[in-house]
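The values are calculated or read from the model by the stated rules, or taken from the named source; none is laboratory data. Please read all numbers here as calculations on a predicted model, not as lab measurements. Heads up, the Cβs are rebuilt from the backbone with ideal geometry, glycines too, and the neighbour counts pull from every protein chain shown.
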Amino acid sequence: MTPSPQDSKQTSEVWDPVQIPEHYNKTGLETIDVLRYIAEKFTDPWQACLVYQIGKYLMRFEFKNGVQDLEKCIWYIKELASYRYPDSSLAKEHRRTSRPTSVEYKNNPQT
């Protein structure tokens, strides 16, 4: 486990906000380790990417951007629904309310 900013005050370690951002280390778990573990469970790289983003925003919302991070998390959940379940109501809502993109998921081999 990576030391927190409070730990660095008690030791000679220098706190590094680039290498170990405080908002990714508040839960007692190193966020990148949790997300890597989760993402490795998916064989589809785009699905792993979406799940990684969902986890990232969910783990940091309380310590960084609050409701904005929750909104981003919801956006990625809807994007995942569009990818995996393109005919679902969540996917249809996402296509209706999100900006247009060039991404088409209708050829997703997993659906």
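Restrict the check to segment 34-57 and report whether at least one residue is touching a helix residue (DSSP H, G or I) at 6+ places or on another chain (Cβ under 9 Å), polar (S, T, N, Q) and either assigned to a loop (DSSP other than H, G, I, E, B) or at pLDDT below 85 (or both). No, segment 34-57 contains no residue that is touching a helix residue (DSSP H, G or I) at 6+ places or on another chain (Cβ under 9 Å), polar (S, T, N, Q) and either assigned to a loop (DSSP other than H, G, I, E, B) or at pLDDT below 85 (or both). Taking the criterion of being more than 21 Å from Asp44 (Cα to Cα) and either without any contact (Cβ under 8 Å) to a residue 12 or more places away in the chain or in contact with a Pro (Cβ under 7 Å, 6 or more places away or on another chain) (or both), the residues of segment 65-94 that qualify are Asn65, Gly66, Val67, Gln68, Glu71, Ser89, Lys92. Here the condition is being more than 9 Å from the chain's Cα centre (by Cα), under 20 Å from Thr97 (Cβ atoms) and exposed (fewer than 14 other Cβ atoms within 10 Å of the Cβ); of Glu40, Glu62, Glu71, Glu79, it holds for Glu71 alone.
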